[in-house]
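The values are calculated or read from the model by the stated rules, or taken from the named source; none is laboratory data. Treat the numbers as computed from the prediction; the structure is a model and nothing was measured. Cβ sites come from the backbone with ideal geometry, for glycine too, and all protein chains shown count toward neighbours. What goes into the accessible areas is simple: the full protein's heavy atoms, side chains included, and nothing from ligands, DNA or RNA. Shrake-Rupley method; radii C 1.70, N 1.55, O 1.52, S 1.80 Å.
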Amino acid sequence: GTASFLTLANATDVDAQQEVAQAAPTQTAQEQVPEQVLVTGSLIRGTVAVGAPVTTLGQQDFSEAGVVSINNLLSTLPAFDNHSAANRASGAFSGFIDAINIHGITVGGGYARTLMLIDGMRIAPQGVGAIQYDPSIIPSIALDRVDVLADGASATYGSDAIAGVANIILKHNFDGAILQGVVSSDTGGGFTETTSALYGRTWSGGDITVSIQQGTQQPLNSATRSYFTEDFTPWG
């Protein structure tokens, strides 16, 4: 009887150790769950978009592509047909906007039918037609990543996402400061200067991030380019 009791006690200890070993990874996994999950192309968190895959671009892609604005970064994707459009209203007023356009799908007047989100939320559209979006309103230094779904997403986001959706994810929980400058030039002018700054701070109750970007660009002198003419005699 004593031997049987000792065997039962040892078996109970082994079972208890196995339960602790199984509970430890579960507790660790729960601690690693992110506080915020942003999904592009689906309203169900933890799932992927149905159809075309989501393309993700980040800060490293800015350096590899040699661009400084989000609009220029998106133009590196084959699905985008980005262009600067001048919207004219009464009184000969012109408003220029760098509209994003997936697959060249537009409506009357050339307005793009591509939806832009910021952190998964809609923003007020720009342009005279009030149905265009300009990602250059956001400093590129404040970008964490941008998710692009180059396929119809009207079932999820509505008719303004017929061509697709671009979801711009901003930096969060950032501590510190970044100052960035870009300078370039070309023959006959075209001097370009862009300055960006980012400051962030986090505390136990929340966080704040402030970013600013300013840029100037000089015109190019056509006289320094022999091909900028209506006379192509030198080329036959």
Check your understanding: Roughly how many nanometres apart are two label points built 7 Å out from the Cα toward the Cβ at Ser185 and Ser154?
Key -> 5.1 nm
Study note, to complete from the structure: Expressed in µm² per second, the diffusion coefficient of segment 175-236 from the Stokes-Einstein equation, with Rh the Kirkwood radius over alpha carbon pairs, at 4 °C and 1.567 mPa s, is 85 µm²/s
**Study point:** Peptide ranges 137-144, 202-209, 179-186 listed from the most packed, as the mean C-beta count within 10 angstrom indicates
**Key:** 137-144, 179-186, 202-209
Check your understanding: Got a number for carbon plus sulfur as a percent of segment 135-236's accessible area, 1.4 Å probe?
Key -> 54 percent
Practice item. Name the shape class, rounded, prolate or oblate, that the alpha-carbon gyration tensor gives for segment 98-236, where a ≥ b ≥ c are the square roots of its eigenvalues, rounded holds for a/c under 1.5, and otherwise prolate holds if a/b is larger than b/c and oblate otherwise. Key: oblate
Study note, to complete from the structure: Taking Lys and Arg as +1 and Asp and Glu as -1, residues besides Arg201 with C-beta under 10 Å from its C-beta add up to -2
Review point. What is the list of residues in segment 192-219 whose amide nitrogen lies under 14 Å from a point 7 angstrom out from the Cα of Ala177, following Cα to Cβ?
Key: 196-201, 210-212
Study note, to complete from the structure: Heavy-atom accessible area per residue of segment 170-236, all protein chains kept, 1.4 Å probe, expressed in Å², is 75 Å²
Exercise for review: Considering only protein heavy atoms, with the full assembly of protein chains and a 1.4 angstrom probe, order Ser222, Ser63 by accessible area, largest first.
Suggested key: Ser63, Ser222
Check your understanding: When Lys and Arg each count +1 and Asp and Glu each count -1, what net charge do the other residues less than 15 Å away from Ala153, Cβ to Cβ, add up to?
Key -> -1
